[in-house]
Amino acid sequence: MKTAQRLWPLALLVLVVIDIFGPLAFGATEPPLSLHHLEHAFLLLAGGVFGIAYVRRRPLSYGDPLWLFAVLGLGTLSLLMMLPDVYGTVDAQPVLHTALHLGFVVVGWLGGYAAERYAPRLGLGWQLLVVVTGIITATGFGSPPPLA
Amino acid sequence: MAAPLVVRERVDLHAAEIGLTPRRLVGMTLAVGLTLIFLLGMAGGIMKAAQGNLIQLQPQTFYALLTLHGAGMISTVVLLTAIALWYVLQEQLGLKPEVLLFGVVAIVWGLLAAAVAVLIGGFGPAWTFLYPLPFLGTWPAWSTGLFFFGVLFVGIGFAVFCLDLMAGIIRTYGGVLNGLAWDTWIPALRRKDGKVAPPQVIAATMVAIDGLITVAAGSVLVIALLAHWFSPRFPIDPLWIKNLTYFFGHTIANLAIYVSAGVIYAVLPAYTGRTWHTNKVYALSWAISLIFVPWAWPHHLYMDFVQAPWLQIGGEASTYIATIPATVVTIFGSLLLVYRSRMRWRLGSTMFMAGILGWLVGGIAAMLDATIPFNEVLHNTLWVPAHFHTYLLGGVFLFVLGFASYFIGERPVEGPWLKSIEWCFFTGLVGFLLMFYAGGIEGVPRREAVQPAPGPILAEIATGFVVLLLIGLVAMLIEFWLRARSSAAVERERSA
Ligand code: HEM
Ligand SMILES: [Cu+2]
């Protein structure tokens, strides 16, 4: 039990790090758009896990409404970061792409953190938003019609 | 282990400083919202009069009004039901008015943006703004963008409501599963203090979760549309965005009904003197709705032959599964609550019971339409506005009026003035709805400025009923205003 509890975050961290630096290692290859959206949603989600875990180590407090507004702002920002135009710009440059991946983790972290600061366990609400937007973007955000 | 909670006081002080009490916020929102409903209802009456050839309207003006009416009504009803549910839960869940104020302001801003886009810009692709229509019309590009920003704001406002509700539920009941009363089924979830979520909290939890899912879909939708508006290079797959539009539009309108169910659970007992208790059946019915409500939207797309068959069949099945259990437990529950109780029949309770009837009738009419063989005949006829006006205008909106009456305070005795208001209002309402249904049966298409026969004659008759309905509504608003003034006077006296 104890070791499993320690192992999980570690495994997640390793995955995240591999994913963040993937573009540097593999160069300017571009996954299909749907997968790419999912990959970024994963980074957001993983960031969220750490953000939530971080808050839970401190005494909890019911926070300022500003935290709630931060959650909404970060949600919108994460979607803007998923615009294929942004991908097009960064995909050609592995360093930028890595920076974007780092950005997803940070935004995810902040979202989970802000949600938990507003109210303990509200981080789940943030993660729900991330999962749903991730799945929906993967179904066709920024994709042309199949026959076009 | 969870660390001890530190409750911060700053927020309360802040609210007190600006004098924002829950009652004030709700009173203000009701005033704004009910006025908007009246104005948008006038727009509805003008559309009917134009379809009945009683007045002349440019088609562009008709479609702009149609867009404003649809988007405006849905957003306003979402706002009004949300504020009602918030009010009945705020004390118990420790919700703060200044948080909701932000949500209310966001929705009102969104409505204003949409109104400017429509009234000044002439934006008119109907409230479902199906791609690519918003980008092809006669209206200027700014109005398209502004309208989408408006939708974004409405979504953000609703998200504030959902997130804050969720926070309050977690704070009070320890988690969303307890909010859904799954502890009635799963012993491991039971709380030491034996506290079980009452039905209105179950409804609120379901709404908060499905509301967030809906808003997430809506934000992808709006960002995609805004991206395309900003740069036409941003590609959009019409079928994808149509699915997403209905995911968002259908579900948010649908959720207004579930929000109202929570309000019924909380308010009806005040009139019957009996309370509603959570049991396993409630918990299960609402769990089913929670899971299936976000999957019912494909019933809007039966005519799209390229749609995947599993979505069509899944949509049909989900419509039934999502609707029946929660509707049945709520309607049975309220009948049991009223049966042989010493129900006090006042304006509020009358509205609630009439609304339950409207919900039932509209629900049945809707399920007929969501059934594929019927849909082949009824699709895009006036049957569609017939059924949704039955449960939105004749259901959800009546719950809002019932709540308003309860919120302001009933009269000890109701005189003939109130009875005549009710008669006027309900005659207008029923007549107006019947004309819609008649048009549907005759196959008159919806959303047409100029209708084939017998559309115009039905619209002409309907206009008369709309006038009655709106007179009844105005009279009711005046009644509310009079009561609010006298109860404010009472409060002033008490505090003096
Ligand atoms: C106050 C009385 C009302 C009147 C007189 C009225 C009238 C109308 C009329 C004439 C139409 C156009 C039907 C067509 O030919 O396609 C319409 C559409 C619509 N109404 Fe109402 N309505 C009223 C209340 C409401 C309420 C309370 C709601 C929602 C909460 C609502 C939501 C809608 C929607 C969503 C549409 C469809 C718009 C579209 O096709 O894009 N209405 N209404
Ligand atoms: Cu990437």
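The values are calculated or read from the model by the stated rules, or taken from the named source; none is laboratory data. Model, not experiment: these values are computed from the prediction. Heads up, the Cβs are rebuilt from the backbone with ideal geometry, glycines too, and the neighbour counts pull from every protein chain shown. SASA here: full protein model, heavy atoms, side chains in, ligands and nucleic acids out. Shrake-Rupley method; radii C 1.70, N 1.55, O 1.52, S 1.80 Å.
Tabulated values for the structure
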{"item": "Test item: Cα-centred dipole of the range A:19-148, Lys/Arg +1 and Asp/Glu -1 on Cβ, debye", "result": "580"}
{"item": "Accessible-area composition of the range A:34-138, carbon plus sulfur, in percent [1.4 Å probe]", "result": "75"}
{"item": "Cut-off under 5 Å, modelled amide H: who pairs with A:THR139 long-range", "result": "none"}
{"item": "Length-normalised contact order for chain B - Cα pairs under 8 Å, 6+ apart - percent", "result": "15"}
{"item": "Rounded Å value of the spacing that divides the Cα centres of the range B:114-161 and the range B:283-357", "result": "29"}
{"item": "In Hz, Karplus ³J(HN,Hα) per residue of the range B:292-301 (6.51, -1.76, 1.60; θ = phi - 60°; x = Gly, Pro)", "result": "9, 4, x, 10, 7, 4, x, 5, 7, 10"}
{"item": "Average partner coverage of A:83-89, which counts Cβ from other chains inside 10 Å", "result": "2"}
{"item": "Amide H contacts of B:THR381 (H built 1.01 Å from N, under 5 Å, at least 5 apart or other chain)", "result": "B:ARG446"}
{"item": "Volume of the Cα convex hull of the range B:59-322, divided per residue and given in Å³", "result": "142"}
{"item": "Unit charges on C-beta of K, R, D, E only; dipole of the protein assembly as shown, Debye", "result": "1920"}
{"item": "Relative contact order (%) - the range B:272-338, alpha-carbon pairs under 8 angstrom, separation at least six", "result": "45"}
{"item": "Per-peptide average of other Cβ atoms within 10 Å, ordering B:260-273, B:136-149 highest first", "result": "B:260-273, B:136-149"}
{"item": "Number of partner chain Cβ atoms within 10 Å, mean per residue of B:173-183", "result": "1"}
{"item": "Residues losing 20 Å² or more accessible surface upon assembly, the range B:234-250, compared with the chain by itself, 1.4 Å", "result": "B:PHE234, B:PRO235, B:ASP237, B:TRP240"}
{"item": "Around A:VAL71: net Lys/Arg minus Asp/Glu count, Cβ-Cβ under 15 Å", "result": "-1"}
{"item": "Surface accessible to a 1.4 Å probe, per residue, for the residues of the range A:34-138, Å²", "result": "36"}
{"item": "Ordering of A:94-101, B:334-341, B:95-102 by burial proxy (mean other Cβ atoms within 10 Å per residue, highest first)", "result": "B:95-102, A:94-101, B:334-341"}
{"item": "Per residue solvent-accessible surface (Å²) - chain B, probe of 1.4 Å", "result": "41"}
{"item": "Set of lysines with alpha-carbon distance to B:LYS195 below 16 Å, sequence-local pairs under 8 removed", "result": "B:LYS280"}
{"item": "Cα lying deepest toward the dipole's positive end in the protein assembly as shown, options B:THR81, B:PHE149, B:LEU418, charges on Cβ", "result": "B:LEU418"}
{"item": "The range A:30-148: relative contact order as a whole-number percent, Cα under 8 Å and 6+ apart", "result": "48"}
{"item": "Farthest positive-ward along the range A:34-138 dipole, Cα basis, beta-carbon charges - from A:LEU129, A:HIS101, A:GLY88", "result": "A:LEU129"}
{"item": "Magnitude of the charge dipole, chain B, Cβ model with Lys/Arg +1 and Asp/Glu -1, debye to 20", "result": "1140"}
{"item": "Rounded Å value of the spacing that divides the Cα centres of the range B:182-240 and the range A:50-109", "result": "19"}
{"item": "Solvent-accessible area, 1.4 Å probe, carbon plus sulfur percent, for chain B", "result": "71"}
{"item": "Gyration tensor (alpha-carbon) shape descriptor, the range B:248-383, a/c threshold 1.5", "result": "prolate"}
{"item": "³J(HN,Hα), Karplus 6.51/-1.76/1.60, whole Hz, each residue of the range A:30-45, x for Gly, Pro", "result": "10, x, x, 3, 4, 4, 5, 4, 5, 4, 5, 5, 4, 5, 4, 4"}
{"item": "For residues of A:132-145, the mean tally of beta carbons on other chains within 10 Å", "result": "6"}
{"item": "Chain pair A, B: total accessible area buried, heavy atoms, 1.4 Å probe, Å²", "result": "3300"}
{"item": "Theoretical ellipticity at 222 nm over the protein assembly as shown - DSSP helices of four or more residues, -39500 (n - 2.57) apiece, nearest 500", "result": "-25500 deg cm²/dmol"}
{"item": "Shape of the protein assembly as shown, Cα gyration tensor, a/c cut at 1.5", "result": "oblate"}
